[in-house]
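Here is the structure we will look at.
The values are calculated or read from the model by the stated rules, or taken from the named source; none is laboratory data. In this text, all values refer to a predicted model and were calculated from it rather than measured experimentally. As a convention, Cβ positions derive from the backbone with ideal geometry for all residues, glycine included, and neighbour counts pool all protein chains shown. Heads up: the accessible areas ignore ligands, DNA and RNA and are worked out on the full protein's heavy atoms, side chains in. Shrake-Rupley method; radii C 1.70, N 1.55, O 1.52, S 1.80 Å.
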Amino acid sequence: MAERLRGFARWETALVLLLVLVAIVGQLRTGGAFLSSGNLFYLGLDIGEIALIALPLTLVVVSGEIDLSVASVLGLSSALIGELWDAGWTLEMIVPTVIAIGALCGAVNGLLVTRLGLPSLAVTIGTLALYRGLALVVLGDRAVADFPGSYTRFGTTPVPGTSLPYPILLCAVLAIGFAITLHFSSFGRSVYAIGANEEGARFSGVRVKRVKFILFVLTGATAALAGIVYTFRFSSARADNGAGLELAVVAAVLLGGVSIFGGRGTLGGVLAGVLLLGGLRNLLILDDVSTEILTVVTGLLLLVSVLAPSLTTRIRSSSTGRSLS
Amino acid sequence: MTTRPAITTLVLLLSGAVALTGCGGTSKNSAQTAATAPGGTAAANPNAAMKQGLKITFLPKQVNNPYFTVAQTGAGKAASAIKAELKATGPSDASASSQVTYINTAAQQKQDGLVLSANDANAVAPALKTARSQGLKVVTFDSDAAPDARDVFVNQATAKEIAAVQVKMIADATGGSGEIAILSATPNATNQNAWIEIMKTELAKPANSGLKLVETAYGNDDDQTSFQKTQGLLQAHPNLKGIVSPTTVGIAAAARYLSSSEYKGKVALTGLGTPNQMRKFVQDGTVKSFALWDPSKLGYLATYAAAALASGQITGASGEKFKAGDLGEYTVGDKGELVLGPPTEFTKDNIDQFDF
């Protein structure tokens, strides 16, 4: 246990060092524009939805499952906001309704995975298409954009007196909640136990299905919340909003040091991963690096993030002369 | 901490997030958004000198799209003519929100002008408004953003001009009499439907009384379907003299069918196409002429407009005039709109001057 923690402390240290490196290089390359309050505000806006969804998804991946339908839930949530707003609903009614429907989407994923015992990869690839399809049914190819400025300002202006975007404030509050849940509660310990050894966890009295079900519901609800943030940020409700975002979120979670096989990873690492991917992207664009290079760099980082933990494990185990069964 | 309190905390946090969105009922009907356009307060000075060393960002719908690559060469020509520094950048996908990061970056880089074709009129609007409040001049071309989010929109051609040039070409090619058909994109394509409506009024004019529109077919902007629909039109109407296809996919498919059939040279074909896809059909005589606006001129004019805005020659108000290099003088129309001009007609004589 202690050794495992040390190993991952190292990966997170590496991430923080990389972040510092990106910041220094960024400052030098852009003549100080990178860390200016204006640019940090935009950086915060750009990673807002990814950071939000990464929070519950971290728990899902630690438990050994995956949810690829998150971006489609975001799109469905955006489409519903547009349709309900057009129908004359108040935003105070729309917001809770949309989050509840997001939770329902998550519950469907959770039921299919836990009750029917289907692999979450297959289930959520299916619901990825299903929820996006429903979003198109709800709103078609229309775009609803006449939201009042008193709401869209949450997505376009900083918290007064700071350069902190509202979505990041929201994300910080939720991050504390998820961090306590994952790292300081018995629920969190069961999440790790399930990811490390599901059979063992079950025999130790962990209610595996219930825990997983709750994680999928939380993920659905948070993805819908991210959909609300996204819609107000662009003041545009569309069925294709956030298409492809699931890959960015999964990339950030894996880069953050969460093992794709479950059982390992920390929320702090994931937040560093989100910040690193977002910061690097922001820097490359600010420095006029072409989009193709941007995609290549992101891909390489992801590969490194998947390879590095398994390589360090292999090196450590061979140096201590123990083999991993 | 046991399971239950931890989850309760999370649920509370999520509901807290809901509460954060505010209280009091805001619905579509009660919300009154005050639409005040930023900027446009300073007066235009038509005699102001074109500033040198302007920094202009060119932002297409997506990079590596041939149409926008040609527009970019035009923008580059304009930039070197006025000694401006042009930076081309953009997203690799054309989704609604993918341009926003690039708009924010242009503002951060303290650029003077932004020339963009909007993927989504509304999704880019908040970012454009913020950028404009920081002094960036915004010109849209090809696809407009919300009018209060940009200074000037450069329209490729008016719907009337696009419709008129196609009727004129089919009248020329058929000798002004006989049955004609239209091969369009999808039945609900906004642009095509608008053009077809205007074409019908053009055809109703006495000058075109010899032409009779017998059918409008829809190839769904799919190569295979358009190919089959062309075949169908020719079989259903043995006296057909000409086909108008106001879509680049349709005209290319129809030309491919005609060029290898007995109808080649007997049934005229015209419409909207790109020189590269139509070159061999013009050379082998299947098609006499077709039209499209020149995207490089579009990029050229949009870049000039951005420079004119940044130099204070225009503010985007209706009636202002400025000189756009080789293209001559332009006047800003209603709602800050500039029209490039009538579409370019391509024939055997000029097609080799174009590469897009």
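Under a crude label model (7 Å from the Cα following the beta-carbon direction), how far is B:A317 from A:A107 in nanometres?
With each label placed 7 Å out from Cα toward Cβ, I get 5.9 nm.
Tell me, what is the percent relative contact order of segment B:128-191, built from C-alpha pairs under 8 Å that lie six or more residues apart? Don't jump to the answer; show the numbers that get you there.
Values: 35 pairs, mean separation 14.1, N = 64.
Computed value for segment B:128-191: 22 percent relative contact order.
Relative to the compact globular guide of 2.2 N^0.38 Å, what is the alpha carbon radius of gyration of segment B:101-235, as a ratio? Mind showing how you got there, number by number?
Values: Rg = 20.6 Å, N = 135, 2.2 N^0.38 = 14.2 Å.
Taking the Cα Rg and dividing by 2.2 N^0.38 Å, one obtains 1.45.
Just how many % of Cα pairs in segment B:195-244 lie over 17 Å apart, if you round to the nearest whole percent? Could you put the intermediate results ahead of the total?
On the way: 534 of 1225 pairs.
That tail contains 44 percent of the Cα-Cα pairs.
What FRET efficiency comes out for the pair B:D352/A:L303, r = Cβ-Cβ distance, R0 = 45 Å, nearest 0.05? Display every interim value, and only then the final one.
On the way: r = 47 Å, r/R0 = 1.04.
E between B:D352 and A:L303, to the nearest 0.05, is 0.45.
Show B:V115, A:V108 ordered by accessible area, largest first, where the area counts protein heavy atoms only and the probe is 1.4 Å.
Details: B:V115 0, A:V108 60 Å².
Solvent-accessible surface, decreasing: A:V108, B:V115.
For a quick check: with amide H placed at 1.01 Å from N, whose amide H comes under 5 Å from B:F290's, ignoring anything fewer than 5 positions away on the same chain?
B:F346
Whole angstrom only: what separates the Cα centroid of segment A:90-140 from the Cα centroid of segment A:199-246?
What the calculation gives is 9 Å, centre to centre.
Given a Förster distance of 35 angstrom, what is the FRET efficiency for B:K264 paired with B:E345, based on the Cβ-Cβ distance and rounded to 0.05? List each step's numbers first, then the result.
Numbers: r = 21 Å, r/R0 = 0.61.
For R0 = 35 Å, the calculated efficiency reads 0.95.
So which residue, out of B:S95, B:S80, B:S27, gets the largest mean-square fluctuation from a GNM of chain B using Cα contacts under 10 Å as springs?
Looking only at B:S95, B:S80, B:S27, the biggest GNM fluctuation is shown by B:S27.
Please pull out the direction-averaged projected area of segment A:1-151, using the convex hull of its alpha-carbon atoms, in nm² to one decimal place.
13.2
Can you work out the accessible area per residue across chain B, with the rest of the protein chains kept in place, probe 1.4 Å, in square angstrom?
Values: 15000 Å² over 356 residues.
It amounts to 42 Å² per residue over chain B.
Round to a whole number: what % of the accessible area of chain B belongs to carbon and sulfur, probe 1.4 Å? Don't skip to the answer; put the middle values down first.
Working: 7630 of 15000 Å².
The nonpolar share, carbon plus sulfur, comes to 51 percent.
What does DSSP give for the protein assembly as shown in terms of the percent of beta bridges that are antiparallel, rounded to the nearest 5?
Details: 11 of 45 bridges.
Antiparallel bridges make up about 25 percent of those DSSP assigns within the protein assembly as shown.
What whole-number value in cubic angstrom gives the convex hull volume per residue for the C-alpha atoms of segment A:66-155? Intermediate values should be presented prior to the final figure.
Working: hull volume 8.8 nm³, N = 90.
Considering the Cα atoms of segment A:66-155, their hull volume per residue is 97 Å³.
Convex hull volume of the Cα atoms in chain B, per residue, in Å³?
Details: hull volume 72.6 nm³, N = 356.
Considering the Cα atoms of chain B, their hull volume per residue is 204 Å³.
Can you tell me the length gained on complete extension of the stretch B:Q224 to B:A159, counting 0.36 nm per residue apart and subtracting the Cα distance?
20.7 nm
Based on Cα positions only, what radius of gyration and what Dmax would you give for segment A:168-325, in angstroms?
When restricted to the Cα atoms of segment A:168-325, Rg and Dmax are 18.3, 58 Å.
Please pull out the direction-averaged projected area of segment B:131-178, using the convex hull of its alpha-carbon atoms, in nm² to one decimal place. Working shown, then result.
On the way: hull surface 17.1 nm².
Dividing the Cα hull surface by four gives the mean projection, 4.3 nm².
If you average the sequence gap of Cα pairs under 8 Å that are 6 or more apart and divide by the length of chain A, what percent do you get for the contact order? All intermediate terms of the calculation are to be shown ahead of the outcome.
On the way: 513 pairs, mean separation 104.5, N = 325.
Computed over chain A, the figure is 32 percent.
Given 0.36 nm per residue, what is the gain on full extension from A:I125 to A:M93 after removing their alpha carbon distance, in nm? Each step should come with its number before you reach the end.
Values: separation 32, 0.36 × 32 = 11.52 nm, distance 3.03 nm.
The span from A:I125 to A:M93 would gain 8.5 nm if fully extended.
Over the protein assembly as shown, one equal point on each Cα, no solvent: what is log10 I(q)/I(0) by the Debye formula at q = 0.05, 0.06 Å⁻¹?
Ignoring solvent entirely, the Cα scatterers give -0.30, -0.42.
Determine by what factor the alpha-carbon radius of gyration of chain A differs from 2.2 N^0.38 Å, reporting the quotient.
My calculation over the Cα atoms of chain A gives 1.01.
Mind grabbing the base-10 log of I(q)/I(0) for segment A:31-118 at q = 0.13, 0.20 Å⁻¹? Debye formula, identical points on the C-alpha positions, no solvent, two decimal places.
Those come out to -0.61, -1.01, one per q.
Looking at segment A:207-263, which chymotrypsin sites (Phe, Trp or Tyr not before Pro) are DSSP coil and have at most 12 other C-beta atoms within 10 Å of their C-beta?
Values: sites: A:F213, A:F216, A:Y230, A:F232, A:F234, A:F261; in loops: A:F234, A:F261.
Taking segment A:207-263 and a limit of 12 other Cβ atoms within 10 Å, the loop chymotrypsin sites (Phe, Trp or Tyr not before Pro) found are A:F261.
What spacing in nm lies between the two simple spin-label points modelled at B:N29 and A:D86, each 7 Å away from Cα in the Cβ direction?
In this crude label model, B:N29 to A:D86 measures out at 1.8 nm.
Using a 1.4 Å probe over the heavy atoms of the protein chains, calculate the carbon and sulfur portion of the accessible area of segment A:123-192 as a whole percent. Please report the intermediate quantities before stating the final value.
Working: 2230 of 3010 Å².
On segment A:123-192, the fraction of accessible area on carbon and sulfur atoms equals 74 percent.
Tell me the per residue accessible area of chain A using a 1.4 Å probe; a whole number in Å² is fine. Show your work: numbers first, answer last.
On the way: 13230 Å² over 325 residues.
Heavy-atom SASA per residue in chain A reads 41 Å².
Which value in deg cm²/dmol, rounded to the nearest 500, describes the helix-derived mean residue ellipticity at 222 nm for chain B, given -39,500 (n - 2.57) per DSSP H run of n ≥ 4 and division by the residue count? Please list the in-between numbers first.
Details: 10 runs with 133 residues, N = 356.
One gets -12000 deg cm²/dmol as the mean residue ellipticity at 222 nm.
What residue among A:G177, A:G155, A:G133 has the largest mean-square fluctuation in a Gaussian network model of chain A, using Cα springs under 10 Å?
A:G177
How big is the C-alpha Rg of segment A:111-184 next to the rule-of-thumb value 2.2 N^0.38 Å, as a ratio?
Working: Rg = 18.7 Å, N = 74, 2.2 N^0.38 = 11.3 Å.
Dividing the Cα radius of gyration by 2.2 N^0.38 Å gives 1.65.
With a 1.4 Å probe on protein heavy atoms only, work out how much accessible surface B and A bury together, total over both chains, in Å² to the nearest 100. Mind showing how you got there, number by number?
Details: alone 17110 and 15210 Å², together 28240 Å².
Buried area between the two chains comes out at roughly 4100 Å².
Can you give the longest run of chain A that contains no trypsin sites (Lys or Arg not before Pro) sitting in a DSSP loop with at most 10 other Cβ atoms inside 10 Å?
Values: sites that count: A:R115, A:R322.
Within chain A, the longest run free of exposed trypsin sites (Lys or Arg not before Pro) spans A:116-321.
Which residue fluctuates most in the GNM of chain A (Cα springs below 10 Å): A:L28, A:L43, A:L134?
Its mean-square fluctuation being the largest, the pick is A:L28.
Relative contact order of chain B, please, whole-number percent, based on alpha carbon pairs below 8 angstrom and at least 6 residues apart. Don't jump to the answer; show the numbers that get you there.
Working: 701 pairs, mean separation 71.3, N = 356.
Relative CO of chain B lands at 20 percent.
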